[in-house]
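Just so you know, all these numbers are worked out from the coordinates, no wet-lab data involved. Note that the structure is predicted; figures quoted are calculated from it, not measured. Here the Cβ positions follow ideal geometry from the backbone for every residue, glycine too, while neighbour counts run over all protein chains shown.
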Amino acid sequence: MSLLLNRSRFGNADNSGKTLSRVEAEALFQEWVLNPRLQLHMKQVAYLMKCWAIEKEQLDEAGQWRWEMAGLLHDADWDQWPEQHCKKIIEELERRNVDPEIIHAIASHGPNHFGVEPETNMDKMLFAFDELSGLVHAYSLMRPGGYDGMELKGVKKRLKEKSFAANVSREDISDACTRAGIGLDELISYIIAKQGDVK
Ligand SMILES: [Fe+2]
C-alpha cells in the first residue's frame, strides 16, 4: 500500500492565515477519530506543538493555534481510512480553505511515507514529535509512576531495544532530529517534561 501523495503543493495561498476554529477542529477530531489511543496520541502531539510554538518559537496566540491544530489533526484519517492516510485529511482541510502551511505540515509529517519534505519549522517539529511521542508514551505505560520520575536514560535504553514499541521507526526519529537541527537528548527531555500533562 503506497501512501505517496505525489504532489508538493497543498492548499491555496489565498487562505494563508485561515484556520478552523477550535470548536470546528475538535468536532472534526471527534467525528473522524474513534480510537481512544489514537485520540490521546494526537492530543499529545498537539500539546507538544503548542508548547514548542510558545516557548521556542515565541509565536502569538494565532501562531500557537496553527501549530496546535496541525498536531491535533495530523492523523485524523488514520483510524477509519488508513489506506487514505494522510490524503483524506489534506483534502478535507483544502476543502475547508485552511492555511496551506498547516496542510503542508500534515502532508510532510512522514516524509518517508508520503514523499513530502518537511520545510518549515512547523513541518519539522511535527515530524520530530510524532514518532518519538509514541515511544515515550509506551514507556510511560510500563512504568508504575507513568511520567513521574521518568529519565532521559530510561527512554534512550528503550530506544535501543528494537523490540520495544517496534512499530516506531528509529530511522525516522534520527532523520527527524537531523532535519530539525535538534539533539535527540533535547527532544526526548522536552517530551518527558511536557507529555504527562495530557490526560
Ligand atoms: Fe502521529
Exercise. In terms of the Cα gyration tensor, with a ≥ b ≥ c the square roots of its eigenvalues, is the chain rounded because a/c is under 1.5, prolate because a/b exceeds b/c, or oblate?
Worked result: prolate
Problem set entry | Fully extended contour minus Cα-Cα distance, from LEU40 to LEU4, at 0.36 nm per residue | 10.4 nm
Seminar exercise, completed: Low-density loop GluC sites (Glu not before Pro), region 70-150, at most 16 other Cβ within 10 Å, DSSP non-H/G/I/E/B, are GLU119
Seminar exercise, completed: Proxy exposure order for LYS18, LYS156, LYS87 (fewest C-beta within 10 Å first) is LYS156, LYS18, LYS87
Exercise. Which order do peptides 39-46, 173-180, 71-78 fall in by mean Cβ count within 10 Å, highest first?
Worked result: 71-78, 39-46, 173-180
Problem set entry | C-alpha center-to-center spacing [region 98-132, region 147-176] in angstrom | 21 Å
Problem set entry | Top positive-direction residue, dipole computed over the chain with Cβ charges, set TRP32, GLY110, VAL136 | VAL136
Exercise. DSSP H helices in the chain with Cα extent of 20 Å or more along the helix axis and mean Kyte-Doolittle hydropathy at least -0.5?
Worked result: 36-55, 121-141
For this session: Label region 138-192 by shape, choosing from rounded, prolate and oblate, from the square roots a ≥ b ≥ c of the eigenvalues of the Cα gyration tensor; if a/c is under 1.5 it is rounded, and otherwise prolate applies when a/b is larger than b/c, oblate when it is not.
Result: oblate
For this session: Assuming a ≥ b ≥ c are the square roots of the Cα gyration tensor eigenvalues, decide whether region 1-100 counts as rounded (a/c under 1.5), prolate (otherwise, with a/b larger than b/c) or oblate.
Result: oblate
Problem set entry | Dipole in debye (nearest 20) - the chain, about Cα centre, beta carbon charges: Lys, Arg +1; Asp, Glu -1 | 600 debye
For this session: Sketch the reach of a paramagnetic label on SER174 as a point 7 Å from Cα along Cα-to-Cβ, and name the residues of region 137-161 whose backbone nitrogen lies under 14 Å away.
Result: 159-161
Exercise. Using a basic spin-label model with each label point 7 Å from the Cα along Cα→Cβ, how many nm lie between ASN167 and GLU31?
Worked result: 2.6 nm
